[in-house]
1. Which count do you get for residues in the range 195-232 that are outside any loop (DSSP other than H, G, I, E, B) and at positive phi?
2. Looking for whichever is surrounded by fewer than 17 Cβ atoms within 10 Å (Cβ to Cβ), more than 19 Å from L208 (Cα to Cα) and either in contact (Cβ under 8 Å) with a residue 40 or more places away in the chain or of a type in the set (K, R) (or both) here; the options are Y146, Y150. Which one fits?
3. Among all residue pairs at least 6 apart or on different chains, which show Cβ distances below 9 Å where the first residue, located in the range 210-234, is touching a residue at least 12 places away in the same chain (Cβ under 8 Å) and buried (at least 22 other Cβ atoms within 10 Å of the Cβ) and the second is part of a helix (DSSP H, G or I) and of a type in the set (S, T, Y)?
4. So the check is Cβ under 8 Å with 6+ separation or different chains; which pairs have a first residue in the range 32-43 that's within 13 Å of V240 (Cα to Cα) and a second one that's within 9 Å of ligand 1 (Cβ to nearest atom) and at pLDDT below 95?
5. Please work out if L91 is part of a loop (DSSP other than H, G, I, E, B), touching a residue at least 24 places away in the same chain (Cβ under 8 Å), aliphatic (A, V, I, L, M) and in contact with a helix residue (DSSP H, G or I) (Cβ under 6 Å, 6 or more places away or on another chain).
6. Could you check Q67 against (1) in contact with a helix residue (DSSP H, G or I) (Cβ under 8 Å, 6 or more places away or on another chain); (2) of a type outside the set (G, A, S); (3) at pLDDT 95 or above; (4) within 26 Å of I219 (Cβ to Cβ) and say which number it fails?
7. All but one of (1) within 16 Å of ligand 1 (Cβ to nearest atom); (2) over 18 Å from D178 (Cβ atoms); (3) free of Cβ contacts under 8 Å to residues at least 24 places away in the same chain hold for E59; state the number of the condition that does not hold.
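The values are calculated or read from the model by the stated rules, or taken from the named source; none is laboratory data. Remember, predicted model here, so these are calculated numbers, not experimental data. Quick reminder, even Gly has a Cβ in these numbers, built from the backbone with ideal geometry, and neighbours come from all protein chains shown.
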Amino acid sequence: MSEIVLSGKGVTQRFGGLTAVQDVTFEVPKGEIVSIIGPNGAGKSTLFNCVTGIYTPTEGQIFFLGQEITGKKVHEISALGIGRTFQNIRLFSEMTALENVIVGSHAKAKSGIADALLHTPRYRREEEEAVKKAEEILKLTGLYEYRYHYATALSYGLQRRLEIARALASDPVLLLLDEPAAGMNEQETHSLTEFIRELKGMGYTILLIEHDMKLIMNISDYIYVLDRGIPIAEGTADEVRQNPLVIEAYLGKEA
Ligand SMILES: Nc1ncnc2c1ncn2[C@@H]1O[C@H](COP(=O)(O)OP(=O)(O)OP(=O)(O)O)[C@@H](O)[C@H]1O
Ligand SMILES: [Mg+2]
């Protein structure tokens, strides 16, 4: 049996009277692409926020590499090896592509504010290393030629890719991608699909939220389906595609 990188057991998140995520249990095996799908408001992003420490789930537990991480702080979870992108692009528009990736690596820096102000040797060494590493990541992600471009000068597809590059800078084992294809045209989505496959090839484990069904069905090893917070189905692309509950959740209002 393959090693489980991330798992959730009975994860529930309530906001006042609203149960956004209800008793969700899932597993993400090492080296696989696992996807979470479901209609708008299904609780997908909320589940990501529970995993990454933005919320402490009302009930349930989350484990990462065998260790319980429920209730840990955002920076602790990031330091353990979970990187993420957000549904809305969160790049620093006044910074270059290179600088945006460097920012992503600072979560791990050992030098403090005093080192930075005094430009101590430790600070300068860490800066040089951060630049070198960011350049490597930009090469890896096909963005090296854009390293001195401002983030906002990049095409939408490249900005989304830069977001992933920035997430890689914190040395994650697991990548959480929240709707990476949102707003992309067909060509950009195709290129992103290949890119996510390459990331898997590099050894990253990926948990993916997406509305683009073609992308999901193409690259997912396993899929969980949520509807109004409730897990309604799980399985391979073929299994999920044929599941009547899934079809109803997506088409129900029209049917
Ligand atoms: N901080 C919050 N406070 C109150 N309600 C929230 C909060 N965050 C999310 N919700 C609600 O929880 C439900 C699930 O939202 P969530 O953003 O997780 O859905 P989603 O599956 O990511 O949807 P989408 O596909 O539109 O991104 C929604 O009804 C939403 O309004
Ligand atoms: Mg969402």
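1. 0
2. It is Y150.
3. Qualifying pairs under 9 Å: G229/T46.
4. I37/H211
5. On the way: part of a loop (DSSP other than H, G, I, E, B): yes; touching a residue at least 24 places away in the same chain (Cβ under 8 Å): yes; aliphatic (A, V, I, L, M): yes; in contact with a helix residue (DSSP H, G or I) (Cβ under 6 Å, 6 or more places away or on another chain): yes.
Criteria met by L91.
6. Every listed condition holds for Q67 apart from (4).
7. Here E59 meets the rest and fails (3).
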